[in-house]
1. Let me spell it out: the conditions are (1) more than 29 Å from the chain's Cα centre (by Cα); (2) crowded, with 21+ Cβ neighbours inside 10 Å, and residue A:273 meets all of them except one. Which number is the exception?
2. State which residue is surrounded by the most Cβ atoms within 10 Å (Cβ to Cβ) when the search covers only segment A:232-268 and only residues that are under 16 Å from residue A:321 (Cα atoms) and of a type in the set (A, V, I, L, M).
3. Could you check how many residues of segment A:162-181 are in contact with a Phe, Trp or Tyr (Cβ under 7 Å, 6 or more places away or on another chain) and either free of Cβ contacts under 8 Å to residues at least 24 places away in the same chain or closer than 18 Å to residue A:555 by Cα (or both)?
4. Give the residue that is farthest from RNA strand B (Cβ to nearest atom), with candidates limited to residues of segment A:160-204 that are touching a Lys or Arg at 6+ places or on another chain (Cβ under 8 Å), open to solvent by 20 Å² or more (accessible area, probe 1.4 Å) and assigned to a loop (DSSP other than H, G, I, E, B).
5. State yes or no: is residue A:908 touching a residue at least 24 places away in the same chain (Cβ under 8 Å), over 12 Å from residue A:881 (Cβ atoms) and either in contact with a Ser or Thr (Cβ under 7 Å, 6 or more places away or on another chain) or open to solvent by less than 80 Å² (accessible area, probe 1.4 Å) (or both)?
6. Which number in (1) assigned to a loop (DSSP other than H, G, I, E, B); (2) open to solvent by less than 50 Å² (accessible area, probe 1.4 Å); (3) at pLDDT 90 or above marks the one condition that residue A:531 misses?
7. Restricted to segment A:635-685, and to residues that are within 16 Å of RNA strand B (Cβ to nearest atom) and aliphatic (A, V, I, L, M), which residue is surrounded by the fewest Cβ atoms within 10 Å (Cβ to Cβ)?
8. Please work out which one of (1) surrounded by fewer than 18 Cβ atoms within 10 Å (Cβ to Cβ); (2) modelled with pLDDT under 95; (3) over 30 Å from the mean Cα position of the chain (by Cα); (4) not acidic (Asp, Glu) is the condition residue A:130 fails and give its number.
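The values are calculated or read from the model by the stated rules, or taken from the named source; none is laboratory data. Because the structure is a prediction, the values reported are computed rather than measured. Positions of Cβ are backbone-derived with ideal geometry, glycine not excepted, and every protein chain shown enters the neighbour counts. The protein model used for the area step is the full one, side chains on, heavy atoms only, and it has no ligands, DNA or RNA in it. Shrake-Rupley method; radii C 1.70, N 1.55, O 1.52, S 1.80 Å.
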Amino acid sequence: MYNFNKIEAKWRKYWEENQTFKTDIWDFSKPKYYVLDMFPYPSGVSLHAGHIEGYTATDIVSRMKRMQGYNVLHPMGYDSFGLPAEQYAVQTGNNPNGFTQRNIETFTEQLKSVGFDYDWTKMVQTSDPKFYKWTQWIFKQLYLDGYAKYINMPVNWCEELGTVLANDEVIDGKSERGGYPVVRKNMKQWVIDQPAFAETLLAGLEEIDWPESTKEMQRNWIGKSIGAQVTFQIKDTDKTFNVFTTRCDTLFGATYCVMAPEHELVDQITTKEQQAAVKAYQQECAKKSDLERTDLNKDKTGVFTGAYAINPVNNQAIPIYISDYVLASYGTGAIMAVPAHDDRDFEFAMKFNIPIIQVLEEVTGTPHENECTKNSIVAIVYDPKEEKYLTINWHEQGGRLFIGGTRKENEDAVSCAIHEIKEETGYVDVKLITEDFKINHHYYAYNKDKYFNIEATPLLFELQSDQKVAPELEEDEKFSVEWVSKEVIDKEITDELHRKSFEYVLHPMAMCGDGIHINSEFLNGMNKEEAIHTMIQWLEEHHCGKKQVNYRIREWIFARQRYWGEPMPIVYLEDGKIHVLDDDELPLILPELDDYKGHNGKAPLENAIEWKQYDHNGLKGVRDTSTMPGSAGSSWYYMRYIDPDNEEVFANPELLKHWMPVDLYIGGPEHAVGHLLYSRIWNHYLYDKGLSPVKEPFQKLVHQGMILGANGIKMGKRYPEYAIDPLDIVKNYGADTLRLYEMFMGPLEASKPWSQQGVEGAQRFLDRVYRLYQSDKISEQSNPNLDKVYHQTVKKVTDDFENLSFNTAISQMMVFVNAVYKEDIFPSAYADSFLQLLNPIAPHITEELWHTVMGHEETIAYSKWPTYDERYLVETEKTIAVQVNGKVRATITVLEEDSNEEIEKKALAAENVKRHIADKEIVKVIVIKGKIVNIVVK
RNA sequence: GCGGGUAUGGCGGAAUUGGCAGACGCGCUAGACUUAGGAUCUAGUGUCCCAGACGUGCAGGUUCAACUCCUGUUACCCGCACCA
């Protein structure tokens, strides 16, 4: 076994002493390549296997690009503000900075031990005043441009952490960190106006090479929906309120309105009689945490306010309820409810006995020209004693159906149905159960040779007794009355109308799809899309509504009542005005405290009595004592790497123009709607101001998958016995082995289980390579036997690295090594190139062999990446398969210049093929040149 | 419930535009070298009723040919979740 510990230490020292990986940022002579990792939070625990995976991937790409002649920027830094350091400070009374710096030292040591090619002279720390000066400065610009605002709004308040949280920091009603309960609370807060960026963020997604799932998550998070705002007047007052709806076409079906319990109008419109009930309900809702509020959504609750709203399209007065199924924070905090065509409204209406008006008919069947129209019924009779349904079996004429019939003029659906049941089956003692909707059905009647478009009303009856009269129609071989079970119906009733009828009658529900409008005056006969369009026009003409776009994304709550973050560069002056610090007052440095704990829900900086007092240039006031969220610094750090020591600007514009955007960004998928959205917002903003040269900061994004424990179980706190410490692997197997193994495990994006035996396999390969280079096979002679596999390997490794398919690149290198082992001569040119191909994955061992065996003086890191010659890849002679009726029966050797006829001749001549086509007729022979021959016989 | 993804030997996983399913590694079996082997090298390794048949979650379809395309379906993973 080669001495990996010694070799790895030797070359790490060499790289550091020679500043091998220092990027000359001003060297514009070569094309640039900016490859970035998501920087870690320097916690007390060390790097885990997942970090190594992502960091190795970028390391490989950066090393290959460097060898391909790019000027590569591959920096690393620390997201060093955050909660664990804060908690350490609270518990020990020590400044969190010391704790943070110690962790950073450990992390840096660990990262170096894995051999990553970071340019450490570019390192940034978000908690460094030199860095956060510019975080504060960008915030200041956002404030001056009106995007950062100090407003009163409902926030996520976590009592346990003593701070507000952003929406992405709340998971299932609990804090992301610690899992403490989170409640809604109204507070005056610093926020960033995210909805202002919604459109540009959506548009930008089209330009970038990101995983579709992540883009989709961002789209959902932004949550654009196009609809209409409709203004309702409150009956007998001059008050109005707006609702947002995506289905203004169903306005004629609105039978009530709902306001969120917190809606500002609720107190003003509630009638005396309802006041007590409304107050009680509001209090009940306020007490609930977000978790309880969403958890208790199985059953709808609500209270009538006593007030009525006037539906602008028909001047009907409809009741106004309050219910927590309407959220104060979305849309206008009030809705129009259309129970016939919305699931939630349907559920609420059923519970509170509110009328349901159908305004949209589902359409079944296919429309046809020259249809006759009529009204009809589908009667479904249920016998609860036998648990069977009454059907008519029309045998050949039309299969099994329920009882159907045409309504005569002036005949209502129920009497028609009762009449038809009697006429066709003789049963007379039936009770109506439901009759709530209509279906629009197109069909062709064979017996009449006509196309029909009918409006059908399905009705459910229950059989009360077996009482019967003689039916008008006698049963015969064409027609029989049968009671059957639900299973038989599911199987045998195929008619679309009858199936739909049965489905709706058994499970009444809202019809949310498309259809034909009814009961809707000027919309009647239109489909959904047409009706929405028409209704918006009508609303605008009558000044009671308009087209409206709504976003789910809300203000980004930007202040935390914590210590370990960037202080807000804000002062509240004595006259109540807000003052933002001058540039020369930045950075506003975080003061040392005696006590890092907040008291009574107040920020820890409240303890900095002197620091708080502001008296500068004749302005007196009090500083804001909140700090920025963890995602502030990480929203722009990628630009600071380019120019980390600049004291005049956050980064030199000329450098930014050359280096941005990040060409490849690799990190975990957990930041999909946090960091990755915030960064885009800041970058879009800076781009609009001309301070960033590109709109989108990260051109290509890839997420590495999770590395699981050996049993496929997530590593971590719950199962520490399965946790793998990558540094143990470095010590016991070598950094090169760790890197090779993690890259060979499987596709970068996939989750994959750890295998100790796999680690040993990786080490075995490296040792095999090492021994190969110690052998006397390396020679100045050439070896044509290796030409093809060599060029194939160069091509595949280059392509696969480019596509981040490291597992298959490694597999190809193994194929190459296996091939060399079978040969006596390993040409030194190939031996050189192979080290270069393997270098990005295993930098130490390859650098060692490059110098000690191949005799190079200079580092391998800047050697020219090998190229392949296409000539060796085209195969003059190829073995292809011959199939007979799609089954492989033989393989034949064909030459590049063989014509299809010659190939066919060879195929037919193969022994095993002859046997399989003997005494059969050849229907045709398919020859795909260079691929396969298929002989079809009969 | 909605959105996205995955499913291939004992295991991790390969398979350009549909064209010899199982590359490569792990594990396993046998042999060589050895005092020895948990080192190394060589050969083998999808299943079965083995001149053949079957086989990429399940059921269909398209095609000369399907892991790959189409329809339906199941299981698991991730995200969102009363968003009007």
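1. Here residue A:273 meets the rest and fails (2).
2. Only one residue fits best here, namely A:254.
3. Result for segment A:162-181: 2.
4. A:161
5. So residue A:908 passes the test.
6. (1)
7. Looking at residues that are within 16 Å of RNA strand B (Cβ to nearest atom) and aliphatic (A, V, I, L, M), I get A:673.
8. Every listed condition holds for residue A:130 apart from (2).
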